[in-house]
Amino acid sequence: MNIHRELIAERRTYTASRVTHSHPYAQLILPLQGEMAIEAGAENYVLDDELLFYVPPQCDHSFHSNVRNEFLVLDIPDVMISSSRLEHKGTTYALNNKWKGIRYLILNELNQEAASPSALKELFPYISHNLISQRQPKSIQYIHAHYHENISVQQLAELEHYNRSYYSDWFVRETGSTPSSYLQEVRLNKAKQLLRETNYSILQIALQVGLEHQSSLTRLFQQFEKTTPSQYRKQHATSGTE
């Protein structure tokens, strides 16, 4: 299966033949014309001029269209996702003015004679911000904004007005992970970004993502990536790009 290493934006059309698959990269599907039926998990949606769809990595989904259609599709490498559990299932978003503006900017890049992949990459932090802020509950937004601080489960539970026990169960249902594991994953993904894009020392990166010691970051990498931060940096040392 193809693994994308950079952002890819394309106009795409879909047929009446039902297709079911998953892929290791995420997708953002924005309507341009017509509509498409899409199923992810137990949910069924119709993407039209009022609705767009985010497909996380490794999410099984089915889709087809019985009418003339065209969609703007953004393929997003998993290394660019701030958390692999941004959502553990497909997510719909209202096609409001912010998303229409994003769609316009992407289309404008595609219409350039010499479209630059770097322009899409520069736009992606804004896209990612909207993916997170427009959908996630307050406590999850708080984790993404304050991952570098000490965060307690009780503190997060109070943001949702739940007791701690209920909140922990609710969090697992929402994300597929415990609050502490989710926080560690956010820290890990931020550390991976800093390793790829900066020359900061391993200790500096550990401190920036909320860990007190370099050894804590090393243990985190060994647990989830089966490698060390230094080895990860060497593997992704490609002059600042993926």
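The values are calculated or read from the model by the stated rules, or taken from the named source; none is laboratory data. Because the structure is predicted, anything quoted here is derived from the model rather than measured. All Cβ positions, even for glycine, are placed from backbone atoms using ideal geometry, and neighbour counts span all protein chains on display. What goes into the accessible areas is simple: the full protein's heavy atoms, side chains included, and nothing from ligands, DNA or RNA. Shrake-Rupley method; radii C 1.70, N 1.55, O 1.52, S 1.80 Å.
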### Share of carbon and sulfur in the accessible heavy-atom surface of the chain [1.4 Å probe, %]
47
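Mind checking the range 148-200 for GluC sites (Glu not before Pro) that DSSP puts in a loop (not H, G, I, E or B) and that have at most 13 other Cβ atoms within 10 Å?
Numbers: sites: Glu149, Glu158, Glu160, Glu174, Glu185, Glu197; in loops: Glu149.
Hits after loop and neighbour filter: Glu149.
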### Message
Can I get the semi-axes of the range 140-236's equivalent ellipsoid? Compute them from the C-alpha gyration tensor as square roots of 5 times the eigenvalues, in angstrom, largest first.
### Response
28, 13, 10
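Can you tell me the order of 150-157, 161-168 when each peptide is scored by its average per-residue count of other Cβ atoms within 10 angstrom, highest first? Walk me through the intermediate numbers first.
Details: 150-157: 15.1, 161-168: 13.2.
Put in order of decreasing packing, that is 150-157, 161-168.
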### Message
Net charge within 14 Å of Ala145 by Cβ-Cβ distance, Lys/Arg positive one each and Asp/Glu negative one each, not counting Ala145 itself?
### Response
+2
#### Entry: Whole-Hz couplings from phi, Karplus 6.51/-1.76/1.60, listed for the range 62-70; x for Gly and Pro
10, 7, 6, 9, 9, 10, 4, 8, 7
### Message
For a quick check: with amide H placed at 1.01 Å from N, whose amide H comes under 5 Å from Cys59's, ignoring anything fewer than 5 positions away on the same chain?
### Response
His23
## Note on the structure
Summing -39500 (n - 2.57) over every DSSP H run of at least 4 in the chain, dividing by its residue total and rounding to the nearest 500, the 222 nm mean residue ellipticity is -13000 deg cm²/dmol
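Pick out the long, greasy-scoring helices in the chain: whole DSSP H runs spanning 15 Å or more along their own axis by Cα, mean Kyte-Doolittle at least -0.5.
97-110, 117-133, 214-224
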#### Entry: 1.4 Å probe accessible area per residue over the range 140-236, in Å²
54
### Message
I'd like to check one number: the per residue accessible area of the range 8-135, probe 1.4 Å, reported in Å² as a whole number.
### Response
49
### Message
List the lysines whose Cα sits under 19 Å from the Cα of Lys138, skipping any in the same chain fewer than 8 residues away.
### Response
Lys89
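Please compute the contact order of the chain in relative form: average sequence separation of alpha-carbon pairs under 8 Å and at least six residues apart, divided by the residue count, as a percent. It would help to have the intermediate numbers written out before the result.
Numbers: 367 pairs, mean separation 39.6, N = 242.
This gives 16 percent for the chain.
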### Message
If the reach is capped at under 18 angstrom between alpha carbons, list the lysines near Lys226, excluding any in the same chain fewer than eight residues apart.
### Response
Lys190, Lys192, Lys234
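Suppose we take every Cα in the chain and form the convex hull; what volume per residue is that in Å³?
Values: hull volume 32.5 nm³, N = 242.
That works out to 134 Å³ per residue.
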